[in-house]
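Report on one structure; see the data block that follows.
Quick note: the coordinates plus some simple rules give every number you see, no bench work behind them. Just so it is clear, the structure is predicted and the values come from calculations on it, not from any experiment. Here the Cβ positions follow ideal geometry from the backbone for every residue, glycine too, while neighbour counts run over all protein chains shown.
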Amino acid sequence: MRITVLGKSPAWQDADGACSGYLVEEEGASLLLDCGSGVFSKLRRFRDYTDVDAVVISHLHADHILDLVPFASALTYAPRQQPVPVDRWPGTDTPARPALYVPAGGREALRTVSAGGGMRPEHVERAFDLHEYAPDEELAIGCLRVRFHEVPHFLTTFAVGICSANGGGRFAYSADSAPNDALVRFADGADLLMIEATLPRPEREGPRGHLTPAEAGEHGSRARVRRLVLTHISDELDERWARDEAAKAFGGPVLVAHEGAVYDV
Ligand SMILES: [Zn+2]
Ligand SMILES: [Zn+2]
């Protein structure tokens with residue numbers, strides 16, 4: 001299984017960056033995990049968007065879903081998706097319509113986002129084959145198997161675990177998450193944990209919703225994962241500081257995600 005980082009920014013993009021988006025590929029199966037602002041453009045550098053089998057959304061925050069709107073526009077309006085020849089495209093009877101898996105409430109949220117942007121409310125669900133997944137559901141996307149586990153955040157959020165029916169390693173993604181034990185149990189023994197490390201220090205007030213790099217390292221250590229990659233971290237924080245803090249708590253080397261970075265699991 002191959003994971004390509006398309007976007008690793010938190011809720012606002014790095015310079016020339018994108019919010020959350022990870023391309024997961026194995027033997028012809030391809031899955032886009034989260035689709036934040038800027039991700040569709042980055043996706044096009046690595047994969048034909050009509051070849052994406054499914055998009056899986058961890059939670060409904062803007063920085064994880066907003067590029068579903070331009071992705072849906074491409075699937076709807078691109079010359080290559082039309083039934084008749086347009087420019088160099090010959091016309092197709094079978095336009096791409098990837099599956100889209102969203103948490104409960106996702107259909108309504110995407111209707112609101114589309115309508116607020118002046119599109120038809122059904123803009124996204126017409127372009128994609130939309131499903132609201134149940135927390136205990138296991139998805140089969142080609143040979144990829146996808147599981148979910150709820151983690152504490154400001155709205156309903158699921159960590160995502162992906163493995164392949166062909167064997168190989170297990171990939172875990174924290175999504176956005178406050179410190180918790182559920183993620184540690186869910187990611188236990190994973191070959192790679194992509195974990196958020198959003199905060200330079202814990203939230204000053206209100207409920208927790210994110211992790212510091214040290215907390216990310218500590219979660220990785222408790223989950224006994226083989227490799228730990230920090231993500232959802234701004235280019236306005238010192239990357240070396242974040243890596244060192246996480247590595248100290250993890251007890252081994254830690255990577256910080258970069259757009260375009262590729263990990264084989
Ligand atoms: Zn979030
Ligand atoms: Zn986020």
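Assorted remarks:
- If you go through the range 230-253 and keep only what is surrounded by 21 or more Cβ atoms within 10 Å (Cβ to Cβ) and in contact (Cβ under 8 Å) with a residue 40 or more places away in the chain, you end up with Thr231, His232, Ile233, Ala242, Ala246.
Residue-by-condition table, conditions (1) under 23 Å from the mean Cα position of the chain (by Cα); (2) under 30 Å from Glu150 (Cα atoms); (3) surrounded by 13 or more Cβ atoms within 10 Å (Cβ to Cβ):
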{"residue": "Ala78", "(1), (2), (3)": "no, no, yes"}
{"residue": "Pro85", "(1), (2), (3)": "no, no, no"}
{"residue": "Gly91", "(1), (2), (3)": "no, no, yes"}
{"residue": "Thr112", "(1), (2), (3)": "yes, yes, no"}
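- Any helices (runs of 4 or more DSSP H) falling wholly within the range 1-83 and containing at least 3 residues that are within 16 Å of ligand 1 (Cβ to nearest atom): 62-65
- Taken over the range 151-177, the criterion of being crowded, with 19+ Cβ neighbours inside 10 Å, within 16 Å of ligand 2 (Cβ to nearest atom) and not hydroxyl-bearing (Ser, Thr, Tyr) is satisfied by Val151, His153, Phe158, Ala159, Val160, Ala175, Asp176.
- Residue in the range 241-257 that is aliphatic (A, V, I, L, M), over 22 Å from Val102 (Cα atoms), assigned to a helix (DSSP H, G or I) and within 20 Å of the chain's Cα centre (by Cα) present: no
- Filter result (part of a loop (DSSP other than H, G, I, E, B), crowded, with 24+ Cβ neighbours inside 10 Å and away from ligand 2 (no atom under 16 Å from the Cβ)) within the range 184-206: Ala187, Ala190
- Check on Ala62, within 27 Å of Gln13 (Cα to Cα) and touching a Phe, Trp or Tyr at 6+ places or on another chain (Cβ under 9 Å): no
- Evaluation of Cys35 against (1) away from ligand 2 (no atom under 16 Å from the Cβ); (2) free of Cβ contacts under 8 Å to residues at least 40 places away in the same chain; (3) closer than 20 Å to Arg145 by Cα (one fails), failing number: (1)
- Some residue of the range 207-220 being assigned to a loop (DSSP other than H, G, I, E, B) and of a type in the set (Asp, Glu): no
- Residues located in the range 145-183, provided they are assigned to a strand (DSSP E or B), more than 14 Å from Arg227 (Cα to Cα) and within 16 Å of ligand 1 (Cβ to nearest atom): Phe148, His149, Glu150, Val151, Thr157, Phe158, Ala159, Val160
- Residue in the range 199-209 that is within 24 Å of His61 (Cα to Cα) and in contact with a strand residue (DSSP E or B) (Cβ under 7 Å, 6 or more places away or on another chain) present: no
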